[in-house]
Amino acid sequence: MVERIKKEYNQDLTFPLLEDPDHKIIDRYGLLNPEAASRGLPHPAVFVIDKKGMVRWKFVETDYKIRASNEQILAALKKQE
Amino acid sequence: MAITRILFLTLLLLGAALRGAPLQQQSPTDLDRVQVGSRPPDFLLRDLDGRSHSLKQYQGKKNIVLVFYRGHW
């Protein structure tokens, strides 16, 4: 996936990709998709966390095809400035 | 607003497998567990270059967008 992004956008990622291979963090956040538990997949989710470490916005969706839009995320971030 | 002031942390699930069902005090599926206005669970995870990241290390420095990404379809 990283190589595909590099090729499509002609640049390296500007953010870290973290691995949660045993879905421990996914479970801790309560995001494990029970229909895909054997693969340890989470429901799609986004959290905006402010500089104090508090959640200021969240998006969680059980339909894996529905994702938070860039506009939604940026609007939530702008409120933190 | 500069994107450089925002840290995107993306959790990428690579090759996850459930090896039996360990005893858990909390259900792994509780979509209301992390609420707006609360402090989310911290973690210590490695990126693809082997560097460790936690929420605490960015506290006081950057806003964070934490994305749980399960791949595309």
Revision key, fill the gap. Residue hits (region B:38-52; more than 7 Å from chain A (Cβ to nearest Cβ) and outside any loop (DSSP other than H, G, I, E, B)) are B:SER52
Exercise for review: Kindly list the number of the only condition in (1) at pLDDT 95 or above; (2) more than 7 Å from every other protein chain (Cβ to nearest Cβ); (3) under 14 Å from the mean Cα position of the chain (by Cα) that fails for B:TYR69.
Suggested key: (1)
Check your understanding: From B:LEU55, B:LEU9, B:LEU18, B:LEU13, which residue is at pLDDT 80 or above, within 7 Å of chain A (Cβ to nearest Cβ) and surrounded by 13 or more Cβ atoms within 10 Å (Cβ to Cβ)?
Key -> B:LEU55
**Study point:** Candidates A:LYS7, A:LYS52 - the one that is charged (D, E, K, R) and modelled with pLDDT of 90 or more
**Key:** A:LYS52
Review point. Taking region A:10-67 only, how many residues are surrounded by fewer than 19 Cβ atoms within 10 Å (Cβ to Cβ), of a type outside the set (Phe, Trp, Tyr), closer than 26 Å to B:LYS56 by Cβ and in contact with a helix residue (DSSP H, G or I) (Cβ under 9 Å, 6 or more places away or on another chain)?
Key: 6
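Rundown of residues vs (1) touching a residue at least 40 places away in the same chain (Cβ under 8 Å); (2) closer than 16 Å to B:VAL34 by Cα; (3) facing chain B (nearest Cβ under 7 Å); (4) among the polar types (S, T, N, Q), yes/no style:
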site: A:LYS7; (1), (2), (3), (4): no, no, no, no
site: A:ASP22; (1), (2), (3), (4): no, no, yes, no
site: A:ASP27; (1), (2), (3), (4): no, yes, yes, no
site: A:ASN33; (1), (2), (3), (4): no, yes, no, yes
site: A:PHE47; (1), (2), (3), (4): no, yes, yes, no
site: A:ASP50; (1), (2), (3), (4): no, yes, yes, no
site: A:LYS78; (1), (2), (3), (4): no, no, yes, no
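The values are calculated or read from the model by the stated rules, or taken from the named source; none is laboratory data. These numbers were taken from a predicted model, which means no experiment stands behind them. When we count neighbours, we look across all protein chains shown, and the Cβ atoms used for this are built from the backbone with ideal geometry, even at glycine.
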